[in-house]
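Take a look at the structure set out below.
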Number of protein chains: 2
Amino acid sequence: MPETENAVHVFDTAVELTAIDAGRYIGNTHPAYANMVGPFGGVTAATMLQAVRLHPEVLGAPLSLTVNFAAAIAYGEFEVVARPVRTNRSSQHWVIELAQDGAVTTTATAVFGNRKDTWGATELGKPSAPPANEVVASPFPDFVAWGRNYEMRFVEGPIPGADASPHPDSTSTLWVRDEPARPLDFTSLTALCDVFYPRAFLRRGHALPAGTVTLTIYFHADAAEIEAQSDQPILATARSNRFGKNYFDQTAHLWGSGDTLLATAHQLVYFKA
Amino acid sequence: MPETENAVHVFDTAVELTAIDAGRYIGNTHPAYANMVGPFGGVTAATMLQAVRLHPEVLGAPLSLTVNFAAAIAYGEFEVVARPVRTNRSSQHWVIELAQDGAVTTTATAVFGNRKDTWGATELGKPSAPPANEVVASPFPDFVAWGRNYEMRFVEGPIPGADASPHPDSTSTLWVRDEPARPLDFTSLTALCDVFYPRAFLRRGHALPAGTVTLTIYFHADAAEIEAQSDQPILATARSNRFGKNYFDQTAHLWGSGDTLLATAHQLVYFKA
């Protein structure tokens, strides 16, 4: 039974938006999801999606989301505006902006829609991993608040320790879920897509300045698959293709129970090294 | 020597924009890049990027681009508006919209910026392939105009013929360049990122209704690497992770000469089957 059944999960408080007009909301950063500078990008991305999910004109479920992190978000209040740019018969296109004091810090676009049964196949292979309960949960560094809201059990590529060396491969694979456990929905899945520490840390063997510039998520799971996942741990894996000249990319795959590929996510990350 | 040295390449005509105001342009679809319904998505994506590249306030080179295909574009005139939402010290965020008769058909966001030398590594492996001149060029189906502007030499996963069967793997790998040959730039690389026929055709063994919903490109190459590539063929490979309920994803890698990973590109595609 989910621990959250009788209480509001801190994630729901963090992504809470108050509508002040159709498609216009006020939100607040939450200290529990603070990152080094500003809030955890995953919660910001989830907030952008939430602005669409709460809109009275929303059509169906999320299919894709792109979030661009244009500037740091200061701790405190922000405004989100979600605008349905085009509504088709079975899909809907959105433009979303988050601003503080009238200055845009974050832009996003999203596609929502209704899906019908078609031929289907999952071509990608799920990484092999022992069951979640056989993998040790490792704590996130103390000074990164948001990490305390996730239970992470690293199968490979854990966060480099003080004595770590450069690593030839950027892959991390981990079992991950909200902490305390919380039934999955599209909003929490969005945040989980950004749960990986920067791949350059693993390659270089130490932390360095890094921040996501743009994040794109494709939601493969429909509402029934999201609900079936409930609060079970997700097998999440991420790696990079190329690092250089201040930027690297990251591709992530999030696997649910029953070999369900819930989402694939891609991002471009700024770094200094 | 490029064949285009003394003539304007049809690609340049297709992505031509006339500025009518700062960040506001008029363009026209070009019959040479017509697809089944409306223009080739790669040329539309390239046009969105071009609107930023032509803007007087542009900072540096493209880092990322996301284009959302919200509605079909009718053949004829269109308007593009590119707006710099946020300019930082070394990066700049853009929102771009393409409209016809006041209705938005296409939205996009882009990140541009200046890069500095850092540690770098290409972790992804280049697919093995014989040299381009040892692979037979195959024609695109006659009724798809845009294909005639690209020379495609398929190493694996060619376009299914009339007698094709379902295929267990969605990977296509091909040598590709503009036809006639044209020195690469960021705009033509953008179009090349969308040059793959729909992966569901390969899996199912036949054509079916399909269209890109959203496309994201990460530009790994800087201006010097783009220039060094000139008009040599690019080794391009694409595959899907999951197909189902009207949508599938596609991840593509575009390799230049000297094992340079020029760009990675991701898209979500609508299909019926």
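Any residue at all in region A:91-112 that's charged (D, E, K, R) and within 7 Å of chain B (Cβ to nearest Cβ)? No, region A:91-112 contains no residue that is charged (D, E, K, R) and within 7 Å of chain B (Cβ to nearest Cβ).
Filtering region B:198-232 to residues that are of a type in the set (S, T, N, Q) and within 12 Å of chain A (Cβ to nearest Cβ) leaves B:T212, B:T214, B:T216. Applying the criterion of being closer than 25 Å to B:I226 by Cβ and β-branched (V, I, T) to the residues of region B:86-113, the residue that is surrounded by the most Cβ atoms within 10 Å (Cβ to Cβ) is B:V111.
Residue pairs whose Cβ atoms lie under 6 Å apart, separated by 6 or more positions or on different chains, with the first residue in region A:242-262 and within 19 Å of A:F186 (Cα to Cα) and the second among the basic types (K, R) and part of a strand (DSSP E or B), are A:L261/B:R242. Can A:A22 be described as of a type outside the set (K, R) and either under 24 Å from A:A103 (Cβ atoms) or touching a helix residue (DSSP H, G or I) at 6+ places or on another chain (Cβ under 9 Å) (or both)? The answer is yes for A:A22.
Listed conditions (1) within 14 Å of chain B (Cβ to nearest Cβ); (2) crowded, with 21+ Cβ neighbours inside 10 Å; (3) free of Cβ contacts under 8 Å to residues at least 60 places away in the same chain; (4) not aliphatic (A, V, I, L, M) are all met by A:T118, apart from (2).
Among residues of region B:51-62 that are more than 18 Å from B:E79 (Cβ to Cβ), those with a beta-carbon under 7 Å from a residue that is among the hydroxyl-bearing types (S, T, Y) at least six positions away or on a different chain give the pairs B:L59/B:T87. Only one entry of A:A223, A:A191, A:A181 meets the criterion of being out of contact with any strand residue (DSSP E or B) (no Cβ under 7 Å at 6 or more places or on another chain) and either of a type in the set (F, W, Y) or surrounded by fewer than 22 Cβ atoms within 10 Å (Cβ to Cβ) (or both), and that entry is A:A181.
Picking from residues in region A:245-273 that are surrounded by fewer than 20 Cβ atoms within 10 Å (Cβ to Cβ), of a type in the set (G, A, S) and at negative phi, the one that is nearest to the other protein chains (Cβ to nearest Cβ) is A:A273.
Among residues of region A:23-51 being part of a helix (DSSP H, G or I) and more than 26 Å from B:G113 (Cβ to Cβ), the one that is nearest to the other protein chains (Cβ to nearest Cβ) is A:A51.
Return the residues of region B:53-74 that are under 14 Å from B:T106 (Cβ atoms) and buried (at least 21 other Cβ atoms within 10 Å of the Cβ); say none if nothing qualifies. B:L65, B:T66, B:V67, B:N68, B:F69, B:A70, B:I73 - these are the residues of region B:53-74 that are under 14 Å from B:T106 (Cβ atoms) and buried (at least 21 other Cβ atoms within 10 Å of the Cβ). The conditions of being among the aliphatic types (A, V, I, L, M) and assigned to a strand (DSSP E or B) are not met by A:V195. Regarding region B:52-75, can at least one residue be identified that is on the phi > 0 side of the Ramachandran plot and either touching a helix residue (DSSP H, G or I) at 6+ places or on another chain (Cβ under 7 Å) or more than 14 Å from every other protein chain (Cβ to nearest Cβ) (or both)? Looking through region B:52-75, none of the residues is on the phi > 0 side of the Ramachandran plot and either touching a helix residue (DSSP H, G or I) at 6+ places or on another chain (Cβ under 7 Å) or more than 14 Å from every other protein chain (Cβ to nearest Cβ) (or both). Can you spot a residue in region A:218-231 that is farther than 22 Å from A:T106 by Cα, among the polar types (S, T, N, Q) and touching a residue at least 12 places away in the same chain (Cβ under 8 Å)? Yes, that holds for at least one residue.
Read-outs throughout are calculated quantities, based only on the coordinates presented, and are distinct from any laboratory measurement. The shown structure was predicted, so the numbers you read here are calculated from the model rather than taken from an experiment. Every residue, glycine among them, receives a Cβ derived from its backbone with ideal geometry; neighbour counts consider all protein chains shown.
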